[in-house]
């Protein structure tokens, strides 16, 4: 059984650029959530995807968007990057949209915006 | 911003000592979770709590879901060097649907052999 895998592991982008981060969910999991973890802080919920649709969103602007594919994998897209977007982006998968306590987290993508 | 107040922010203890950390909120949670995060990794679930008053153990770890549903604590007994890491509390607010978890700011634990 494979866990949650994220790519790339590290990324450096310039302010104003766009970025796409990828996540493969754990086998048997159909729900994917994305979190942003700034340095020295706890993760903050961005949004959740189930059945290829967003079904929950945290306090993040529309330039944060996502996709989920039929195989349950997911992408996080961030447009018009700002310096404050520098963070560790964590993907978590779970067996259903109501079982957050069973979230399995990936190791994250470290995004640096310069 | 964070809705969970986690304390202490950091602890430096001697191997073998017991550790206690807690989280409080002004909001009611229906689930409390405790995670450990090692450098370069994502959080790993240690204990999940689902009912007010629930006390659950996982080896040397014990956690409780506060009766008011606004707080939780985690105790680690007889600490060992591999306990080093950042511990996060997280919860699901009563009014939040789905898997939206709110995390505390973390407790950084350092253990001196």
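Taken together, the values in this text are just the output of simple stated rules run on the coordinates, not laboratory data. The structure presented is a predicted model; accordingly, all values stated were derived computationally and were not measured. Every residue, glycine as well, gets a Cβ built from its backbone with ideal geometry; the counts of neighbours run over all protein chains shown.
Mind checking the log10 I(q)/I(0) for segment A:64-108 at q = 0.18, 0.22, 0.27, 0.32 Å⁻¹? Debye, one equal scatterer per Cα, no solvent, two decimals. For the requested q values the scattering log ratios are -0.68, -0.92, -1.11, -1.21. Label segment B:41-105 by shape, choosing from rounded, prolate and oblate, from the square roots a ≥ b ≥ c of the eigenvalues of the Cα gyration tensor; if a/c is under 1.5 it is rounded, and otherwise prolate applies when a/b is larger than b/c, oblate when it is not. Here segment B:41-105 falls in the oblate category. Across the protein assembly as shown, how large is the tail of the calculated P(r) beyond 29 Å, expressed as a percent of all Cα pairs? It works out to 26 percent of all Cα pairs. Derived value for chain B: Kirkwood hydrodynamic radius 14.0 Å. Basis is the mean of 1/r over every pair of different alpha-carbon atoms. Take each residue of peptide A:45-58, count the partner chain Cβ atoms within 10 Å of its Cβ, and average: the result is 2.
Listed from fewest to most Cβ neighbours within 10 Å, the set B:86, B:80, A:46, B:13 follows the order B:80, B:13, B:86, A:46. Each residue of chain A gets 92 Å³ once the volume of the Cα convex hull is shared out per residue. Peptide B:99-108 has a mean of 6 when you count, residue by residue, the C-beta atoms of other protein chains within 10 Å of its C-beta. Taking a point 7 angstrom from the Cα of residue B:78 along the C-beta vector, which residues in segment B:29-71 have backbone N less than 13 Å away? Zone members listed by number: B:59-61.
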